[in-house]
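Asker: Below is one structure. I have some questions about it.
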Amino acid sequence: MRDLTGGTSRLSLLVVVPDAPRKGASVEIRPFVDGEDILAQAFTDGPGEDPRHLLLPDGPFTADAGSHEVRLAEAECTEGCCGALYVTIRHEGNHVIWGGWRNPDEDEVELPEFRFDAREYRAEVDRAVRDLSWEWPARTVARLLERNLRDRADALARWECELHAVSAWLWEPDRVRVLFWHPSRSALMDGRP
C-alpha cells in the first residue's frame, strides 16, 4: 500500500452481501481508502464487522474531539484465536485520522496513518449509515424491531427479560430471530437461575 501520510485520502464504506449465502456467511462493511480495500491489505483471516455494529448514527465511525478504537474485522474462528483488525479514529482540526492500527494476534500491522478531510469523511459516514439499499426485508424488520425493543427496555424488565439480539441471517432470508435473556443476565451475577 502506498504511503499517504503527506496528503489527504478519501474514504469509501462499502457494505458487502455475499451472492451465495451459506450458513455462517455474514454481511460485512469494507472500508476503502483511495480505492484500496484496507481489509484485503491488512487482514484476511475473517470478514469485516457487520454494519449493524458500525453503521449507526453517531456510531463507531463518528470522529469527535477524543480518540477511540474501532474493530473493523475479526477472524472467522475468534479474535482470541487468530486476531482482529483495530484502528484508532481521532479528529484533529479539519481532519479525521485513522492510525494506531492493531491486531492482537500480530506484532505489527503494516498500514500507514490516513488523514481525511473532516467534512468529506462525515459525509461518507452519513451516506453509509443512511444507505440501507443492501438490506433484505427480514433484515429491515430485524433492525427496526431491535431498535424498538432496546428503546423500550423497561417493558422487557417487567418480565425479567433482557434483549440479547434480533437477527435475520442470509441463509434464512425470510426469518427473524429474537433472542432474550430470562431472567436478565444480571441474574447470573447474582447466582440466580
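We did not get these values from a lab; they are worked out from the coordinates using the rules stated. These numbers come from a predicted model, not from an experiment. When we count neighbours, we look across all protein chains shown, and the Cβ atoms used for this are built from the backbone with ideal geometry, even at glycine.
Asker: Got a sec to turn the phi values of the range 102-117 into Karplus ³J(HN,Hα) couplings, 6.51 cos²θ - 1.76 cosθ + 1.60 with θ = phi - 60°, whole Hz, x for Gly and Pro?
Answerer: Karplus-based 3J(HN,Hα) across the range 102-117 equals 8, 10, x, 9, 10, 6, 8, 10, 8, 10, x, 7, 10, 10, 10, 4 Hz.
Asker: How much net charge surrounds Ser12 when only the other residues with a Cβ under 12 Å from the Cβ of Ser12 are counted, with Lys and Arg +1 and Asp and Glu -1?
Answerer: -3
Asker: Out of residues 5 or more away from Phe180 or on other chains, whose amide H comes under 5 Å of its own, with H placed 1.01 Å from N in the peptide plane?
Answerer: Residues meeting the amide H criterion: His164.
Asker: Hey, another quick one. Which value, in debye to the nearest 20, describes the size of the charge dipole of the range 41-193 about its Cα centre when Lys and Arg Cβ atoms bear +1, Asp and Glu Cβ atoms bear -1, and nothing else is charged?
Answerer: Numbers: 19 positive and 30 negative charges, 180 e Å.
So the dipole magnitude of the range 41-193 works out to roughly 860 debye.
Asker: Separate question: So I have (1) 20.8, 64; (2) 15.8, 47; (3) 18.6, 58, and one of them is Rg and Dmax of the Cα atoms in Å calculated from this model. Which one is it?
Answerer: Matching the structure shown: (3).
Asker: Still on this model: Excluding Ser67 itself, calculate the net charge of residues whose Cβ lies under 11 Å from the Cβ of Ser67, where each Lys or Arg counts +1 and each Asp or Glu counts -1. Don't skip to the answer; put the middle values down first.
Answerer: Values: positive: Arg90; negative: Asp64, Glu69, Glu92.
Surrounding charge for Ser67 is -2.
Asker: Continuing with the same structure: Could you compute the longest span of the chain free of trypsin sites (Lys or Arg not before Pro) located in DSSP loops and having at most 16 other Cβ atoms within 10 Å, not counting the site residues?
Answerer: Details: sites that count: Arg2, Arg10, Arg22, Lys23, Arg152, Arg158, Arg175, Arg185.
Between the exposed loop sites, the longest stretch runs 24-151.
Asker: Treating the angle as unsigned and between 0 and 90°, give the value, to the nearest 10°, between the Cα long axis of helix 118-130 and the longest Cα principal axis of the chain.
Answerer: Here the helix axis deviates by roughly 30 degrees.
Asker: Would you please give the residues with an amide H less than 5 Å from that of Ser9, counting only those at least 5 places away or on a separate chain, with H modeled from the backbone geometry?
Answerer: Amide H neighbours of Ser9, under 5 Å, 5+ apart: Arg115, Phe116, Asp117.
Asker: Still on this model: By the scheme Lys and Arg +1, Asp and Glu -1, what is the net charge of all other residues having a beta-carbon under 11 Å from that of Phe32? It would help to have the intermediate numbers written out before the result.
Answerer: On the way: positive: Arg10, Arg30; negative: Asp34, Glu36, Asp37, Glu124.
Spelling it out: positives minus negatives among the neighbours equals -2.
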